[in-house]
1. Which residue pairs have Cβ atoms closer than 9 Å, lie 6 or more positions apart in sequence or on different chains, and pair a first residue in region 323-342 that is touching a residue at least 60 places away in the same chain (Cβ under 8 Å) with a second residue that is in a helix (DSSP H, G or I) and of a type in the set (D, E, K, R)?
2. Is at least one residue of region 274-291 among the charged types (D, E, K, R) and assigned to a strand (DSSP E or B)?
3. Let me confirm something: among 145, 154, 166, 149, which residue is crowded, with 20+ Cβ neighbours inside 10 Å and of a type outside the set (S, T, N, Q)?
4. Say we look at region 234-255 and pick out the residues that are among the hydroxyl-bearing types (Ser, Thr, Tyr) and either buried (at least 16 other Cβ atoms within 10 Å of the Cβ) or under 22 Å from residue 65 (Cβ atoms) (or both); which of these is farthest from the chain's Cα centre (by Cα)?
5. Quick one: which residue in 38, 71 is surrounded by 20 or more Cβ atoms within 10 Å (Cβ to Cβ), touching a strand residue (DSSP E or B) at 6+ places or on another chain (Cβ under 9 Å) and at pLDDT 90 or above?
6. Please determine, by comparing only the residues of region 1-35 that are of a type in the set (Ser, Thr, Tyr) and outside any strand (DSSP E or B), which one is modelled with the highest pLDDT.
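The values are calculated or read from the model by the stated rules, or taken from the named source; none is laboratory data. All values derive from a computational prediction rather than experimental measurement. All Cβ positions, glycine included, derive from the backbone under ideal geometry; neighbour counts span all protein chains shown.
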Amino acid sequence: MKTSPTSASGFRGRIVFIDVLRAYAILMMLQGHFVDTLLAEPYRQADSWLYYCWSFLRGMTAPIFFTVTGLVFVYLLLRSGTAWSDNKRVGKGLRRGLYLIGVGYALKLCLPQLLSGHISSWFWATDVLHIIGLALICLVAIGSLREYLGGSLLLWMLLGGAVFFLVDPYFTENSWADWPRFLAHYFTRDYGSNFTAVPWLGFACWGGALGYLLSRQPQWAFSHWFPMLLLAFGFTLHFRSGQLLVNLYELTGWDYLPILYNNNYLFWRLGHVLVVMGVFMWGIARLARVPALLTKIGGETLTIYGVHYVVLYGTWLGVGLSSLIGYRSLTPVPTIIGALLFVLAHVLLIAYIEEVREWIYVILPARLRLAYRRARVWHLRYSPRFWQQCTAHFLQLPRLRLFSFVRKHVN
């Protein structure tokens, strides 16, 4: 089995840590979406410790993705030391953001609906790819604002993360009915969106702050104290973030803070993300080798997401596992077995992704071109003769019928 080194001697070790974390998140997403789509309602009992553990772990997937997105983007943006105006990754980040938004919409297309001239309103609902793409654009915007106004990019990222979290009640408590539905999807879940700009861009900003720190001091990722510091901050947010919100309300009297306190999942989940990142950062740095397949999975998250989306939800053809098996129709045992097989299928896909891409982009087009050339040769060689024979045959039909009619009546 191929492995990847995790030594602190260079850049590659930290990429291993990030890719392993992304691999963990994408595999958790696969099983989470499968179980959530197919497990029957009677088995979703909050008092079941197994269901509670599954739900708790599933809830960390999206926060990890958004945080790692900010971490990776800002780190790669700053590691070259190039001036902002000359940094090619600024434009690349904008293009990548727009690309992800486009892919997010493309995955929602349904060919049967398009052929019937109908597009479902669900098509406009935003999902994780839309908001990750928007997060890249937002990070570039924050960096550009910092270039214009000055200050530390670290402070700008921290401020962005705090603002996106704190203003979340404003977006959830107010109506967006007067907004164009296309835009309203980015700010409220009332019309079917799974993810919205607020508060999820906040996780990307917190990740951007970590990316800034690691771009300045990459050796921290291989230390003992920095992962432990992440753990300390994480546990503090888990246990004390509610009290921090109470203190902030007493200080400011802002009406939306009690709403945020009563549903304090944002800072709570941020704490869990920091704990997971601290554990992965410390653990991976202390391993001599990491299976290359893990890092490969972490580097192919977009491929995995796209394939699972079409296969599970059946968006392109209108037929997927959710419709074939039945939405929320399985008992726990088949659901667990199915989730394991679903994850395994995607792992095997990435293990042989080069062969799959060669077949899709090289072998299949070559075979189609060969079939086209053969069809064209047949057309040029035999088609005139074929149509000539057909024409002659049809021209003779009236004569044959007339001859039969005359012979019948004369006799």
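1. Listed by first residue and then by second, the contacts come to 328/36; 328/41.
2. yes
3. Result of the check over 145, 154, 166, 149: 166.
4. 249
5. So the residue among 38, 71 that is surrounded by 20 or more Cβ atoms within 10 Å (Cβ to Cβ), touching a strand residue (DSSP E or B) at 6+ places or on another chain (Cβ under 9 Å) and at pLDDT 90 or above is 38.
6. 24
To keep it simple, each residue is scored yes or no on (1) within 24 Å of the chain's Cα centre (by Cα); (2) part of a loop (DSSP other than H, G, I, E, B); (3) in contact (Cβ under 8 Å) with a residue 24 or more places away in the chain.
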site: 45; (1), (2), (3): no, yes, no
site: 57; (1), (2), (3): yes, no, yes
site: 64; (1), (2), (3): yes, no, yes
site: 70; (1), (2), (3): yes, no, yes
site: 82; (1), (2), (3): no, yes, no
site: 89; (1), (2), (3): yes, no, no
site: 95; (1), (2), (3): yes, no, no
site: 104; (1), (2), (3): yes, no, yes
site: 109; (1), (2), (3): yes, yes, yes
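Condition check ((1) in contact with a strand residue (DSSP E or B) (Cβ under 9 Å, 6 or more places away or on another chain); (2) loosely packed, with under 11 Cβ neighbours inside 10 Å) across all residues:
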{"residue": "319", "(1), (2)": "no, no"}
{"residue": "323", "(1), (2)": "no, no"}
{"residue": "330", "(1), (2)": "yes, no"}
{"residue": "345", "(1), (2)": "no, no"}
{"residue": "360", "(1), (2)": "no, yes"}
{"residue": "367", "(1), (2)": "no, no"}
{"residue": "373", "(1), (2)": "no, yes"}
{"residue": "380", "(1), (2)": "no, yes"}
{"residue": "384", "(1), (2)": "no, yes"}
